[in-house]
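The values are calculated or read from the model by the stated rules, or taken from the named source; none is laboratory data. Just so it is clear, the structure is predicted and the values come from calculations on it, not from any experiment. Counting neighbours? That spans all protein chains shown, and the Cβs are built from the backbone with ideal geometry, glycine included. When the accessible area is computed, the model is the full protein with side chains, heavy atoms only, and any ligands, DNA or RNA have been set aside. Shrake-Rupley method; radii C 1.70, N 1.55, O 1.52, S 1.80 Å.
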Amino acid sequence: MFTTYIVLNMQQATDHAAPPSAQLVQFAMGSIVSRIVYVAAKLGIADQLAAAPRTPAEIAPAVGVHAPTLYRMMRTLAGFGILTETDGQRFGLTPVGEALRSGTPGHATVMTIGGPLFAQAFSELEYSVRTGESGFIKATGMYVFEALAQRPDEAALFSDTMVGFHGAEPPAVAEAYDFSTLGTIVDVGGATGNMLAAILGRHTQPKGVLFDLPHVVTGAPALLAERGVASRVSIASGSFFETVPSGGDAYILSHIIHDWSEDQCLTILRNVRAAMTPSSKLLIVEFVLPAGDTPHPGKVIDMVMLALPGGTERTQAEYAALLARAGLRLRRVVPTASAASIVEALPA
């Protein structure tokens, strides 16, 4: 899982056995590593090796690159553990390399994080830190989700990226929380239904409502059918800034609240609160940041939220304060086997 990779690399980079300067070098090299893997994904190197190991000379004409230089890149990728090299400059895929093939969540994740979307946002990170505003808006003049709405191919890639990035979370959430007694679960901003499908796949009693913008839910029927839960899910489209389907027993906001400004979060939460019955529950799936200098992937993702949409990750105390302003009461935080937690809230 990508978040596990972040934690491991933070721990390695702060290994006190290494000199401080060496630790800083490791941090600085991160952007170079990201760019190398991105170019490999864009060229489709893993696709060329899917059937059998091949040499750079055999691959180069198909991907339109300089064969000797391709060898240099592929031996670098072998050093990362993405490829493996044998005699005669013949390369094959490792399990990590298999995950880089086109059409996989891993490929989508690399193409999004290493591509223009993130590059534009982080080119203005200094501006974001100085002002607290989105670097992406500064660079492009558009909010990131407005940009994606105008670029359906990138929007589909972004949805696949979220599946890859948060791949271990849906089953972990489905296992950590008892959904079995619920009647209707409303997944607000649920994209193509990955989280809802995991929950309904594990718990056979509930039914689901998937709610998101019209262009976002277009891929949902196929995913829900593939997971075998399509007959138990109704799809509704709209904006959670305007309204939310009413009467659910539980409302899920999975990695939604961290995307938005404080005022926008309050609008979303108040709309959910208005849709809830007195016995409804709100379940916010997010990275709940630990205090102090404890490493956590959410602390890195907090910088992504700052630069890209202009949002923020929060501690438990910060969630309690935000929920109270929206007429909700934080009941508990449920840890999961993933890096994410479930923030359970009730009507105040």
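Looking at LEU322, LEU253, just one residue is surrounded by 15 or more Cβ atoms within 10 Å (Cβ to Cβ), in contact with a helix residue (DSSP H, G or I) (Cβ under 8 Å, 6 or more places away or on another chain) and not in a helix (DSSP H, G or I), and that residue is LEU253.
Residues considered: ALA52, ALA18, ALA22. Of these, the only one that is under 22 Å from LEU77 (Cβ atoms) and either at pLDDT below 95 or of a type in the set (A, V, I, L, M, F, W, C) (or both) is ALA52.
GLU313 fulfils the conditions (1) under 20 Å from VAL188 (Cα atoms); (2) open to solvent by 10 Å² or more (accessible area, probe 1.4 Å); (3) touching a residue at least 12 places away in the same chain (Cβ under 8 Å) except for a single criterion, (2). Exactly one residue out of SER261, SER246, SER338, SER234 is open to solvent by 30 Å² or more (accessible area, probe 1.4 Å), at pLDDT below 95 and hydroxyl-bearing (Ser, Thr, Tyr), and it is SER261. Of all residues in segment 114-153, those being part of a helix (DSSP H, G or I) and either open to solvent by less than 30 Å² (accessible area, probe 1.4 Å) or touching a residue at least 40 places away in the same chain (Cβ under 8 Å) (or both) number 16. Condition test on VAL25, is it farther than 15 Å from GLY97 by Cα and open to solvent by 70 Å² or more (accessible area, probe 1.4 Å)? The answer is yes for VAL25.
Hey, can you tell me all the residues within segment 297-309 that are in contact with a helix residue (DSSP H, G or I) (Cβ under 7 Å, 6 or more places away or on another chain) and either of a type outside the set (A, V, I, L, M, F, W, C) or part of a helix (DSSP H, G or I) (or both)? Residues satisfying the conditions are PRO297, VAL300, MET305, LEU306, ALA307, PRO309.
Sort out which residues of segment 162-194 are in contact with a Ser or Thr (Cβ under 6 Å, 6 or more places away or on another chain) and at pLDDT 95 or above, and write them in order of number. Scanning segment 162-194 gives ALA172, VAL173, ALA176.
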